[in-house]
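Trainee: Mind having a look at this structure? Questions to follow.
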Amino acid sequence: MPQATGRADATHAVVFSPLDGAGRAELVEQRLTDAIVAGVLRDGERLPSESELAKRLGVAVVTAREALVALRDKGLVLTRRGRDGGSFVTHDRDAAARMLDARVRALSRIELRDLSLHYAAIAGMAAEVAADRASDDDLTSLADIDARADLTSAGGARRAIGRFQLEIAAVSQSPRLVHEELRLQAEAGPLLWLCMREQAYRDRSRQARLEVIEAIRAVDATGARRATTDHIATAVEWLIDEKARLEASPLAVAE
Amino acid sequence: MTVTVDVAALRIAERIASTIDPVFAMIDDWRTRLEASLAAMPEPSAASFDPVVAELVGEPLERAGSLITGAGFVAAPGYLADAPWHLEWWLSGANTFGTGAGLRRLDAVSDPDSEQFRDYTGLEWWRVPARTGTRHLTGPYVDYLCTDDYTVTITVPVAVGGTMVGLVGTDLYVASLERELLPVLRESGHPCTLVNASGRIVTSTDPRRATGALLRLDGLAEALAPLREREGAASAESAELPGGAIVVPCGDTSLALVFEA
């Protein structure tokens, strides 16, 4: 049967699929989990109240409550009663590492590669367009972000990548690419840049930034895209390898 | 170099300027009032000054058909006694940022220890007017810290006793500006592109000239240099580029029209 058969029906179905309802609590839960694991929400930080969270995310209060209960069950959030009460992030570095490892194990190789491909599509295109649209000021701020990068820790190296990629998206002058970059940083960033645990990969990330900056300076759109997507490719190769290591470890067998 | 420019081209440049001038005049008026108000305060604080700003910018933001989507005051670090880093910035109901509706205050991160904190004194809309002491038009740019959209920001320093204590300004969506300006550009009958002082395209009648891209023409950067150096001052002269394109500054807006041959 030709692949195209039924295609119109499928796209039609997507248009009229429910916008809310089932799955919203999971989306809220995943968003907050990613933020906690990525260190955006820090250990001990107080989360907004249920009603405030619901308002900010545009979901019902029961949905926000459901998500908070799930986070509590995962041990990522602690709720205290009383005058100084509220929900607090309880997540140290070890817990974050364990949680990320669990996610690497849970996602298939296909999903990991697909996630990185999606991210490469966004980041690569942003770099390509940025090469054509960067002003001298833009080049200065990109170089500045690189100069401030802290390559002595995994978190520092990852934050530098995040900042740099966000600036590249902004330089591309596309609100949509900026939006997608931010969304994918939250979703894929913590996983994709797990390789920043190793110094050699942190050094490689710096090298990639310099290559991108040079390509942009030379108005070399293809070069800027290539340097960006090659960097993401090395990261996902490390990740696939890490998945194999985790799967071979006794912990994985025990689960 | 002086070039002879079509009267029609000059008139279009004037009309572009007269569309934006009311926004400049409004900000200048805000600055005068805010400076007077701050000078009268023995110890300026966010608690006492915020209501003054809100009162000033609220009504213009909500006016029907308003070009502006955000406005307010940003304090110099350490100036306000009770808020070392402070943005008193308001968003109009037309602003699509966040989930809120109606006129609302921007929820800015003012704690320097937070991961989301950004030192705004490094950003173009602060950096340039702080250096030149005069008005600056930033953008078009994607304002991912504030309005989350494709924006032009106009900022003017606020000074008390000769010292800059902050700045007052406003945001405009590039899409709204384009809606106002493109019909004017079309009247010239020639391919015509409006650029900022860095040569970045604001809007164009030529479909190949994308908003946000840099207009790369020989000699354009040099022709625009006076606009960058003397922003807010009397207008620069028109110039002809080696390729035959004519560059016409739009009054004191720091924008210029480029008529390609």
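None of the figures in this text is laboratory data; all of them are computed from the coordinates on show. All values derive from a computational prediction rather than experimental measurement. Cβ coordinates were reconstructed from backbone atoms using ideal geometry, including for glycine residues, and neighbour counts include every protein chain displayed.
Trainee: Give me a single rounded figure for A:173-183: the average over its residues of other chain Cβ atoms within 10 Å of their Cβ.
Mentor: Taking the mean over all residues of the peptide, I get 4.
Trainee: In Å and whole numbers, how far do the C-alpha atoms of region B:20-173 stretch along each principal axis, longest first?
Mentor: Answer, in whole Å and largest first: 37, 37, 28 Å.
Trainee: Given the -39500 (n - 2.57) contribution per DSSP H run of 4+ residues, what per-residue ellipticity at 222 nm results for the protein assembly as shown, rounded to the nearest 500 deg cm²/dmol?
Mentor: -17000 deg cm²/dmol
Trainee: Can you work out ³J(HN,Hα) from phi for every residue in region B:54-66, in order, using Karplus 6.51 cos²θ - 1.76 cosθ + 1.60 and θ = phi - 60°, giving whole Hz and x for Gly and Pro?
Mentor: For region B:54-66, the Karplus curve yields 4, 4, 6, 8, x, 5, x, 5, 8, 4, 4, x, 4 Hz.
Trainee: At 0.692 mPa s and 37 °C, plugging the Kirkwood radius over alpha-carbon pairs of region A:101-254 into Stokes-Einstein gives what diffusion coefficient in µm²/s?
Mentor: In µm²/s, the coefficient rounds to 210.
Trainee: In peptide A:124-135, how many Cβ atoms from other protein chains are near each Cβ within 10 Å, on average?
Mentor: 2
Trainee: So for chain B, averaging the separation of alpha carbon pairs under 8 Å that are six or more residues apart and normalising by length, what relative contact order in percent results?
Mentor: 18
Trainee: Also, I was wondering about something else. As an exercise, use a Förster radius of 30 Å and the Cβ-Cβ distance of A:Asp84 and B:Thr121 to find the FRET efficiency, rounded to the nearest 0.05.
Mentor: 0.30
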